[in-house]
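Quick notes on the structure that follows.
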Amino acid sequence: MMRRPARSRRRRARPRTRDPLPLDKALAIIELLAEHPAGLTIHEIAARVEAPAVDVIRTIAVLQRRHWLHVAPGNEGVGLGPRMIEMKEGRQET
């Protein structure tokens, strides 16, 4: 009778968590919000950029931390953030 090789006790590496959407989707979100100054909900954004809401949420979180987007209290809506507005108006902090 053949013996099975001993199993390695080494754990498999956990799958890497998903990164935010690629740059093209992040830019699509910014461009979409530039066309809607009143802002949009996360689900409206997800539907229009054709991406899962969870990925859109992660991408928006990154853009919000960098002040490109602003999320209204209670996640009521997402709009352009102070950094984006500065660039839109032609002002840049140095």
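Side notes on the structure shown:
- Only a single item in (1) surrounded by fewer than 19 Cβ atoms within 10 Å (Cβ to Cβ); (2) part of a helix (DSSP H, G or I); (3) not small (Gly, Ala, Ser) is not met by His67, and it is number (2).
- Residue satisfying all of: in region 70-94; among the β-branched types (Val, Ile, Thr) and not in a helix (DSSP H, G or I); surrounded by the fewest Cβ atoms within 10 Å (Cβ to Cβ) among these: Thr94
- The residues of region 66-91 that are touching a helix residue (DSSP H, G or I) at 6+ places or on another chain (Cβ under 6 Å) and on the phi > 0 side of the Ramachandran plot amount to a single one, His67.
- Within region 35-64, the set of residues being assigned to a loop (DSSP other than H, G, I, E, B), surrounded by 14 or more Cβ atoms within 10 Å (Cβ to Cβ) and within 14 Å of the chain's Cα centre (by Cα) comprises Thr41, Ala51.
- Of Val62, Val49, all but one fail to be within 16 Å of Leu23 (Cα to Cα) and in contact (Cβ under 8 Å) with a residue 40 or more places away in the chain; the exception is Val62.
Coordinate-derived values only; no laboratory data. On a predicted model such as this, the values are computed, not experimentally measured, just so you know. All Cβ positions, even for glycine, are placed from backbone atoms using ideal geometry, and neighbour counts span all protein chains on display.
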